[in-house]
Amino acid sequence: MRRRGPLREDLDPSLAQAWERLSAAAPYAPGTPLDEVELLALDLETTGLQPSRHEPLSFGLVPVRAGEVVLAGARHLPVRPRGDVGESATLHGLTDDRLATEPTVAEVLPEVMTAFLTDDGHRRVLLAHFAQVETTFLEDAGVRELGTWLDLQVVDTLEVERRLLGAQHSEMRPGAVRLHACRARHHLPRYRAHSALVDAVACGELFLAQTATLALRRKRALLLSDVLER
């Protein structure tokens, strides 16, 4: 993870404006009823798992609010990397020639930051499956391009599933909390993996199924604090 510093003085105006809006937006109080919270399901395809060595290749984004995955707000943002895609292309199909004319991370980042904003001035909660990948790559991109970043609120469907399984099983089987396995457990269809937008939608659907189960177990409406990682 890159160290945060002061905001760069040579920022492109679109980056500076997007950052100003995002940093000014209010996070949700942990005690907010979950059905009043807007989340942004996010998935990244990358050249690897280490931000210090690897790069994002595409962002998949879809809002989740009031018990709905808002497909009208879904976005897929391919990214042209600084280096080669390498062997990662065998997983996601994003090749060097396919990405050669796409925008850079710096050009995509304003749209990503804007996607975190709600109409009423809140900052959407980041929703991801094994969210460490999304949070570390997003922070690295922010620090690299802006000079700084902020701590987003995060809900990780992998961790929510672990809590649900912990109430039923004493041991976790290998692969039990992979996205497709979690979806199958909640009777959701299996989608094609390694497409950022498809995986973001899959994560959003899983979250709705998980929270429905969790609310039934707790016999009450959920609060953001019931699922919030940070």
query: Expressed as an acute angle from 0 to 90° and rounded to the nearest 10, what is the orientation of the C-alpha long axis of helix 13-24 relative to the principal long axis of the chain?
result: 30 degrees
- request: Once you have a ≥ b ≥ c as the square roots of the Cα gyration tensor eigenvalues for the range 46-176, tell me rounded if a/c is under 1.5, and otherwise prolate or oblate according to whether a/b is larger than b/c.
  value: oblate
message: If DNA, RNA and ligands are ignored and the probe is 1.4 Å, what is the ranking of GLU87, GLU159 by accessible area, most exposed first?
response: GLU87, GLU159
Two-site label geometry, ASP84 and ALA215: point separation in nm, points 7 Å out along Cα→Cβ: 5.0 nm
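Hey, what's the range 1-107 come to in accessible area per residue, 1.4 Å probe, Å²? Walk me through the numbers before you get to the answer.
Values: 6060 Å² over 107 residues.
Heavy-atom accessible area per residue stands at 57 Å².
With r defined as the distance between the Cβ atoms of ALA16 and LEU91 and R0 fixed at 35 Å, what FRET efficiency is calculated, to the nearest 0.05? Write out the running numbers ahead of the final one.
Working: r = 35 Å, r/R0 = 0.99.
So, using R0 = 35 Å, E works out to roughly 0.50.
Please report the net charge: other residues with Cβ closer than 12 Å to the Cβ of PRO63, K and R +1, D and E -1.
That works out to 0.
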query: Which of the listed residues, THR101, SER58, THR114, is farthest toward the dipole's positive end in the range 53-135, when Lys, Arg count +1 and Asp, Glu count -1 at the beta-carbon?
result: THR114
query: Tell me, what HN-Hα J-couplings in whole Hz come from the Karplus equation 6.51 cos²θ - 1.76 cosθ + 1.60 at θ = phi - 60° for each residue of the range 55-66, using x for Gly and Pro?
result: 9, x, 10, 6, 10, x, 10, 8, x, 10, 7, 6
message: Using only the alpha-carbon atoms, how far is helix 157-166 inclined from the longest principal axis of the chain? Give it as 0 to 90 degrees, nearest 10.
response: 20 degrees
field: Positive-end extreme of charge dipole, the chain - chosen from VAL160, ALA24, VAL143 (charges on Cβ)
entry: VAL160
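Counting only protein heavy atoms, what percent of the accessible surface of the chain is carbon or sulfur at a 1.4 Å probe?
Values: 5860 of 11590 Å².
Whole-percent figure for carbon plus sulfur exposure: 51.
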message: I'd like the distance separating the alpha-carbon centroids of the range 132-199 and the range 1-66, in whole Å.
response: 15 Å
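Show that you can apply the helix-only estimate: for the chain, add -39,500 (n - 2.57) for every DSSP H stretch of four or more residues, divide by all residues, and state [θ] at 222 nm to the nearest 500.
Numbers: 8 runs with 86 residues, N = 230.
For the chain, the value works out to -11000 deg cm²/dmol.
Mind putting a number on the dipole of the chain about its Cα centre? Charges go on the C-beta only, +1 for Lys and Arg and -1 for Asp and Glu, and I need it in Debye to the nearest 20. Intermediate values should be presented prior to the final figure.
On the way: 27 positive and 33 negative charges, 197 e Å.
Dipole of the chain, to the nearest 20 debye: 940 debye.
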field: Cut-off under 5 Å, modelled amide H: who pairs with LEU223 long-range
entry: LEU34
- request: Find the accessible area per residue for the range 111-230; the probe is 1.4 Å, ligands and nucleic acids are left out, and the unit is Å².
  value: 46 Å²
Backbone HN-Hα couplings from phi across the range 25-40 [Karplus 6.51/-1.76/1.60, Hz, Gly and Pro as x]: 5, 8, x, 7, 5, x, x, 5, x, 4, 6, 9, 9, 9, 10, 10
task: Relative to the longest principal axis of the C-alpha atoms of the chain, give the angle of the C-alpha long axis of helix 132-146, reported between 0 and 90° and rounded to the nearest 10°.
output: 30 degrees
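The values are calculated or read from the model by the stated rules, or taken from the named source; none is laboratory data. Note that the structure is predicted; figures quoted are calculated from it, not measured. Ideal geometry is used to build each Cβ from the backbone, glycine not excepted, and the neighbour counts take in all protein chains shown. Please note that ligands, DNA and RNA were not included when accessible areas were found on the heavy atoms of the full protein model with its side chains. Shrake-Rupley method; radii C 1.70, N 1.55, O 1.52, S 1.80 Å.
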